[in-house]
Every structure is written in structure tokens, then in C-alpha cells.
1. For segment 66-101, what are the residues that are at pLDDT below 90 and either in contact with a Gly (Cβ under 6 Å, 6 or more places away or on another chain) or surrounded by 23 or more Cβ atoms within 10 Å (Cβ to Cβ) (or both)?
2. Considering only segment 214-238, state which residues are in a helix (DSSP H, G or I) and closer than 20 Å to residue 15 by Cα.
3. If you go through segment 49-79, how many residues are under 19 Å from residue 313 (Cβ atoms) and out of contact with any helix residue (DSSP H, G or I) (no Cβ under 9 Å at 6 or more places or on another chain)?
4. Residue 31 versus (1) within 21 Å of the chain's Cα centre (by Cα); (2) at pLDDT below 95: which is the lone unmet condition?
5. Quick one: is residue 100 under 23 Å from residue 10 (Cβ atoms) and not in a loop (DSSP other than H, G, I, E, B)?
6. On the given criteria, is residue 62 in the same structural domain as residue 37 (by TED's automatic domain parsing) and surrounded by fewer than 22 Cβ atoms within 10 Å (Cβ to Cβ)?
7. When the residues of segment 49-59 are filtered to those that are touching a residue at least 24 places away in the same chain (Cβ under 8 Å) and surrounded by fewer than 17 Cβ atoms within 10 Å (Cβ to Cβ), which remaining residue is nearest to residue 268 (Cα to Cα)?
8. Filter segment 239-263 down to residues that are in a helix (DSSP H, G or I) and more than 22 Å from the chain's Cα centre (by Cα) and give me whichever is nearest to residue 5 (Cα to Cα).
Amino acid sequence: MNLWLANPRGFCAGVERAVRIVEELLDLADTPVYVRHEIVHNRSVVEALKARGAVFVEDDAEIPAGAFAVVSAHGAPPAVHRRLAGGSRRLFDATCPLVTKVHLEVLAHAKAGRAVLLIGHRGHVEVEGTLACYDNAAGGGIQVVQSIDEARTVAVPDERAVAYVTQTTLEVESANRIVSVLRARFPALVGPHHDDICYATQNRQDAVRALAARCDRVLVIGAPHSSNSLRMVEVAGENGKPARLIEAPEEVDAAWLAGVADLGLSSSASAPERLVEATIAHLRSLCARAGDTLEVRELGRAEDLSFKLPVALTDLRRRRAGAAAAGAAHEALRYPAAHPVATGADAARDAEPSPGGSR
């Protein structure tokens, strides 16, 4: 069986940044590290961080004074940021910069008095945080539009002052269909200067389309409560190929692979590469039991993008490094290292020019 690996796949720059923030804090912190909500929607990642000491909570009231507090990659309402910054807590914002971009768009529309239509899934943590960014009681308000049917019936106070934003992890074509309906109804509709759906979401969906064109079936590694994972499975189905979402390698059903000559494998933006490697090993084992071999091939090109870490973290790292250096210097003064005593012969030898050159 041929196994085609999608590119790009796995961690995006926003997820990589968020996970690294928590990992570095666990290395640097002298107090517990609390994370509001799952840092990313992946059980394997969360459990690995828990094993290192991270504490995940849904209510920021559970984060005690003096603790390190991290906002997840999905973002949080401004009020949560204000609460976490108080009570002597040390706040580190792991919100994906692309989510922050949407928050800023909502703030700008609210200031301009426009009503905002948020295309996304009700109840998703990213959507809840974005809704809470609208802070103008005199404006047109903000509401979620989840489907084409809702786009056809949604009402706004003033059709001349309306804008839209989107959840960053939507399926691109589905979101575009909703936007088309809204534009037909509201000619003055203001949209983002650049698409709100993040590059990683779109790239992974495009990579799954390429898998679907080449493969008989598609596996996606991700979480059932991860929006971008579910969208990737939907994309494969919309392109005519059966697809399944798995969280762990052992969930692969050997019977589902019967008769498959070309299998596609991808992973969501919140799934680590180690799960891909473990799934490959499991598939190889299944093939061996069936008297078959597994040929692994890459399809597409990987991404090359990263986001800067927050200034609060780089400052903490610098302070810890400075304190460690000062401590080492103090110990060196207390306990100076013994040095060999140079003899006259040593000094004479050192004073000689090196062969073939001058000093």
C-alpha cells in the first residue's frame, strides 16, 4: 500500500508558538503555570504538558494570585485579560496572532458603529472571545452567522453600516458561500483587507484536496472538538473520498483499509508530528500482518513560517539568564578554580612565533 503524507500538515506557526510558550514557562517558572482552556485542541499535547506540571482550567477564577497565567491559542475576551492581569498574576498571551487580527477588526468596526456578522460556530472558544471584543453599546452589535440559511435571514439595524469577520479555522469554500449571500443582501458590507481564515487552515485544506485527488481514502489526525480537524475531514468527503478522523494510531481500523492501494494521511494544525510518526508505524504493522508492505511518500510542500514569542516571555527568559549568570559569577568568586602554574619553559615556548607565520 502507498501512504501519501500531506504537506503541509500538523502544527501551524500559531500552535507551535502557543505550545512553546507553555513549555518555556514550565522551564523558567518558579510558581505553577496555569492555562485558561486547552492550549490547543489536541489531547496528546495537553496531556504531555500536564505531565510536566501545567494546570488547565476553564474558569480564570481558579488561577491563584502570583501564578503564571496563559491565555490559550484560541484567545479570550478582553475582560478575561484584564482579570488575569490583576491579582499579582503574571499574564502570558498565547493567542494566535491571526486570531488577534480578527479581534482588532471587531474593535475597529465597533468604534465605527458598524454591526458585525461573525461567520463561525456558536460555542467555539475562539468565537466566544471574538464576540466579546465588540464594546460599543451604541453600535449595531455583533452576532454569529453559522450557515447559508442564517445568512439569508439575519437582520442588522442599518444595512449601510455592516461588516463581517470569520472564525479563523473555517472551511474556506463554505465560508465563501456564506459571504456571497451576505454581499448580495448587504451591498455596503465591509470585509477584512485580508482573509480572516488563517493561512494554515487553508493550506491544510488544500493539501487534503490534493490527497483526495490521488488517494482512495484519507485519514486525518486531530481532535473531535477541533474545528480545523473536522473541516479537513469534510473537505476530503466533499472531494469524493471517504475520510476518518482519528486521535491516536490504534483507532485505525484494518477493515476500513481493505482494498486500499493509496491511502492519504494528514494531521490538523494542532496535532504534533509524533502522532504522524506513530500512525505510520501502526500502519506498517497492519500491512505486515496482511502480508503487504507500506511505501511512504510525501505530497506537496511544507510551510516555513514562525511567529515571535511574546515580549513578556523573552523578558522573563533574559531575567532568568541574568540571574543564573550572576549566581555563577558569585560562586566563582567564592570558590575560584585552581589553575596550573606556568613554568619558565612554558613561558618561553609561548613567546616563540608559530611555525610559518609571525605573531
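1. Within segment 66-101, just 88 meets the criteria.
2. 227, 228, 229, 230, 231, 232, 233
3. 2
4. Going through the list (1) within 21 Å of the chain's Cα centre (by Cα); (2) at pLDDT below 95, residue 31 breaks only (1).
5. Spelling it out, residue 100 is indeed under 23 Å from residue 10 (Cβ atoms) and not in a loop (DSSP other than H, G, I, E, B).
6. On the way: in the same structural domain as residue 37 (by TED's automatic domain parsing): yes; surrounded by fewer than 22 Cβ atoms within 10 Å (Cβ to Cβ): yes.
Considered against the rule, which asks whether it is in the same structural domain as residue 37 (by TED's automatic domain parsing) and surrounded by fewer than 22 Cβ atoms within 10 Å (Cβ to Cβ), residue 62 comes out as yes.
7. It comes out as 52.
8. 257
The values are calculated or read from the model by the stated rules, or taken from the named source; none is laboratory data. These numbers were taken from a predicted model, which means no experiment stands behind them. All Cβ positions, even for glycine, are placed from backbone atoms using ideal geometry, and neighbour counts span all protein chains on display.
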